[in-house]
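Note sheet for the following structure.
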């Protein structure tokens with residue numbers, strides 16, 4: 001589902017999707033993306049495969065095992081949080 005607050009957000013979301021698709025096309029990223037501003041969800045979508053062997057697609061509902069150790073955070077550069085106003 002894609003909810004957009006205004007024309008400015010539509011451009012930002014379109015650009016985010018373009019960047020994500022470029023990584024997905026090269027199989028450099030497979031996963032789910034959730035982008036929100038406050039309580040408004042701007043982008044909530046799965047990309048690539050959740051399981052390459054069985055060709056199971058990713059979706060926002062895909063469950064992942066998460067390793068919160070610092071070394072895993074270095075391996076996943078797409079994990080970030082941005083505070084309001086920054």
Of the conditions (1) touching a strand residue (DSSP E or B) at 6+ places or on another chain (Cβ under 7 Å); (2) at pLDDT 90 or above; (3) not in a strand (DSSP E or B), residue 44 satisfies every one except a single condition; which number is it?
(3)
Condition first: outside any loop (DSSP other than H, G, I, E, B) and either at pLDDT 90 or above or out of contact with any strand residue (DSSP E or B) (no Cβ under 8 Å at 6 or more places or on another chain) (or both). Now tell me which residues in the range 50-63 satisfy that.
51, 57
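Could you list, in sequence order, the residues of the range 34-44 that are without any contact (Cβ under 8 Å) to a residue 24 or more places away in the chain and surrounded by 10 or more Cβ atoms within 10 Å (Cβ to Cβ)?
Scanning the range 34-44 gives 35, 36.
The values are calculated or read from the model by the stated rules, or taken from the named source; none is laboratory data. Owing to the predicted nature of the structure, the values given are computational and were not obtained by experimental measurement. Neighbour counts are summed over all protein chains in view; Cβ atoms, including those assigned to glycine, are modelled from backbone coordinates with ideal geometry.
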